[in-house]
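See below for the structure under consideration.
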Amino acid sequence: MKNTLFLFLLFGSVLHAQKQFSIKGSFPQTSNKEILIKGFTMAGDSLIAKTTADIAGNFIVNYPSSYVGAALVEIKDSKSVIVILNQENFKMKWENFEEFKTLDFKSSFENDAFANGIAVVQKAESILSGLNYLQPFYEQEINKSKVKVEWINTEIALQKKVFPEFLNSLPKSSYALYYLKLRKLLQNMPITASKYIERVPDHEKEFNTMDFAGQNLIHSGLYKELLDGYFLLMESNGAIENVYIHANASTNALLKSLEKHPELKQEVAEYLFRLFEKRSLFQAAEHLALAMLNDQSCEMDSKHEALFEQYRKMARGKTADDIVFENATKPLAKMSDLKSKYKLVVFGASWCSKCQEEIPKLIPYYEDWKTKYDLEIVFISLDTEKEKFRTFVKDFPWLSNSELKGWESKAAIDYCIFGTPTMYLLNKNNTILVKPISEKQIQSWLEMIEKK
């Protein structure tokens, strides 16, 4: 017994000390091709290991024992497949890239559990779909056959338990257990929004108690998808006032979970901030911005400070600073000289690829906005070279200006500009009305406000 215990402890120590584990692969279609192993972070994927397959498509690649989570095995410039890494030496064979059925794992509990979990879900959902279809017909015949109704209800209840019971069979240390539960949550949220709105509180409770700093979530590759799906679900949660109450409470829970991880907190907050603005959830964006600015435990870099400061200094109802023109394409000294009812201030630059794509989209709207709504556009360039600035704006029908100081221009600093393009819609007194993100949003806002 003592010898057995000694060997167990010794074996455990060896495993603990092992710095790398290996994947032995056989992909006949990858002769002499590079094989990449990419792990996940909140921001996306990152390379953690690579090798080159031999002429027969065989390869061995080592991955660090410190990485536990989902990963991509990628044939460079070709196919990729998700695998689970959790301190296992395993083999994988993929005979035909066009058929996932030919993908096979050996000596990998985690990847077998993942594959079996997906199969269990698909089979149970297929059966449930048929049972749910038949249920109304059985219930209509309740007086004729109570046995049928009891049978179908029992079967539905049993099928709903299949996947949870499968999960319960997995050890708590299994990453496949965490990953399958997370994928199921993501799958369920849009269904909840469209069919089972009564389940929203359950999802809310689960989200608000998550560890957003945990490596399990960070290494899942599903961090952004979780944020997208959850706050889209929140939009279905009744009146807009109710949406903001619950969305802001979840934002608070998320930030609290990240309070000991300031860099990750800034990264997640930036993504969430942009998500709120994209979906026009401006009160949620404002709540997040003010929470970050008031957070004494998080020393923000200048980029994030400018990002969130927009909602303190540049919030709706505040007065935007006047802009003095130095190299304007029209003879005006400052923006306050414009007497139009609305002013759309657009920040951008010739070197900004998104500006090159997005700002010209305003041109077809310009004359209509000017005639119908008395709106004038002012383009503020962050270029530093006069010739490049002039070339970029030569076809713009509105006034353009550049201090030729880039991010250090007074207008960029005054307006807390951290990225381009950025737009502000002001009234004739330079009061901020809205921070639009597209020409279509501007059009909708003008149509709505003018009807009032």
Practice item. Working from Cα positions, state the angle (0 to 90°, nearest 10) between the long axis of helix 175-194 and the longest principal axis of the chain. Key: 50 degrees
Practice item. Assign unit charges at the C-beta atoms only (+1 for Lys and Arg, -1 for Asp and Glu), then state the dipole size of the stretch 151-264 relative to its Cα centre in Debye, rounded to the nearest 20. Key: 360 debye
Review point. About its Cα centre, what dipole magnitude does the chain give when the only charges are +1 on Lys and Arg Cβ and -1 on Asp and Glu Cβ, stated in debye to the nearest 20?
Key: 380 debye
Revision key, fill the gap. Along the stretch 279-295, Karplus-curve 3J(HN,Hα) (6.51, -1.76, 1.60; θ = phi - 60°) to the nearest Hz, with x for Gly and Pro, reads 9, 6, 8, 5, 5, 5, 5, 5, 4, 5, 4, 5, 4, 5, 5, 8, 7
**Study point:** With Cα atoms, 0 to 90° folded angle of helix 302-313 axis to the chain main axis
**Key:** 60 degrees
Revision key, fill the gap. Which of LYS91/LYS161; LYS19/LYS184; LYS76/LYS224; LYS361/LYS394 exceed 21 Å between C-alpha atoms? The answer is LYS91/LYS161; LYS19/LYS184; LYS76/LYS224
**Study point:** Amide H contacts under 5 Å for THR41, placed H, 5+ residues apart
**Key:** SER46
**Study point:** Semi-axis lengths (Å, descending) of the ellipsoid that matches the C-alpha gyration tensor of the stretch 335-451
**Key:** 23, 15, 13
Check your understanding: Which cross-chain or sequence-distant (5 or more) residues have an amide H under 5 Å from the amide H of GLU326, H modelled 1.01 Å from N in plane?
Key -> SER402
Revision key, fill the gap. In order over the stretch 373-384: 3J(HN,Hα) from phi, Karplus 6.51/-1.76/1.60, θ = phi - 60°, whole Hz, x for each Gly or Pro, gives 10, 6, 10, 10, 9, 10, 9, 10, 8, 9, 5, 10
**Study point:** Charge dipole (the stretch 204-362, unit charges on Cβ, about Cα centre) - positive-most of LEU258, TYR311, LEU338
**Key:** LEU338
Revision key, fill the gap. Protection proxy (average C-beta count within 10 Å per residue), highest first, orders 47-55, 244-252 as 244-252, 47-55
Study note, to complete from the structure: So, over other residues within a Cβ distance under 13 Å of GLY406, counting Lys, Arg +1 and Asp, Glu -1, the net charge is 0
Review point. When ranked by the protection proxy of mean other Cβ atoms within 10 Å per residue, highest first, what sequence do the peptides 90-97, 340-347, 197-204 form?
Key: 340-347, 90-97, 197-204
Review point. LYS50's amide H: which non-local residues (gap 5+, or another chain) put their own amide H closer than 5 Å, with H modeled 1.01 Å from N in plane and none for Pro or chain starts?
Key: ILE37
Study note, to complete from the structure: Footprinting proxy, ASP321, ASP383: sorted fewest to most Cβ within 10 Å, the residues are ASP321, ASP383
Exercise for review: Could you please state, rounded to a whole Å, how far the C-alpha centre of the stretch 292-366 is from the C-alpha centre of the stretch 101-124?
Suggested key: 51 Å
Study note, to complete from the structure: Measuring from the longest principal axis of the C-alpha atoms of the chain, the long axis of helix 109-140 (C-alpha) lies at a number of degrees, nearest 10, equal to 80 degrees
Practice item. Sum up the charges of everything whose Cβ sits under 14 Å from the Cβ of MET42, counting Lys and Arg as +1 and Asp and Glu as -1, but leave MET42 out. Key: -4
**Study point:** Lys/Arg +1, Asp/Glu -1 at C-beta; the chain dipole; positive extreme among PRO364, ALA411, HIS203
**Key:** HIS203
Exercise for review: Grab the eigenvalues of the alpha-carbon gyration tensor for the stretch 42-132, scale each by 5, take roots, and send me the semi-axes largest first in whole angstrom.
Suggested key: 27, 17, 14
Practice item. Please turn the phi angles of the stretch 411-419 into ³J(HN,Hα) values with the Karplus equation 6.51 cos²θ - 1.76 cosθ + 1.60 (θ = phi - 60°), one per residue in order, whole Hz, x for glycine and proline. Key: 4, 5, 5, 4, 9, 6, 7, 10, x
Practice item. Would you mind counting up the charge near TYR366? Only other residues with Cβ under 12 Å from its Cβ, with Lys and Arg at +1 and Asp and Glu at -1. Key: -2
Practice item. Decide, for the stretch 209-331, between rounded, prolate and oblate: order the square roots of the alpha carbon gyration tensor eigenvalues as a ≥ b ≥ c, take rounded if a/c falls under 1.5, and otherwise choose prolate if a/b is larger than b/c, else oblate. Key: prolate
Point to revise | Percent of beta bridges antiparallel (DSSP, the chain, rounded to nearest 5) | key: 70 percent
Point to revise | Selection from TYR244, LEU134, LEU226 lying farthest towards where the dipole of the chain points positive, charges on Cβ | key: LEU134
Exercise for review: Can you tell me the FRET efficiency between GLN215 and VAL324 if r is taken as the Cβ-Cβ distance and R0 is 51 Å, rounded to the nearest 0.05?
Suggested key: 0.50
Practice item. Could you compute the FRET efficiency for LYS428 and ASP104, with r as their C-beta to C-beta distance and R0 at 51 Å, rounded to 0.05? Key: 0.15
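Only the coordinates and a few stated rules stand behind these numbers; no lab work does. Quick caveat: nothing in here was measured; it's all calculated off a predicted structure. In this analysis, Cβ positions are derived from the backbone assuming ideal geometry, glycine residues included, and neighbour counts consider all displayed protein chains.
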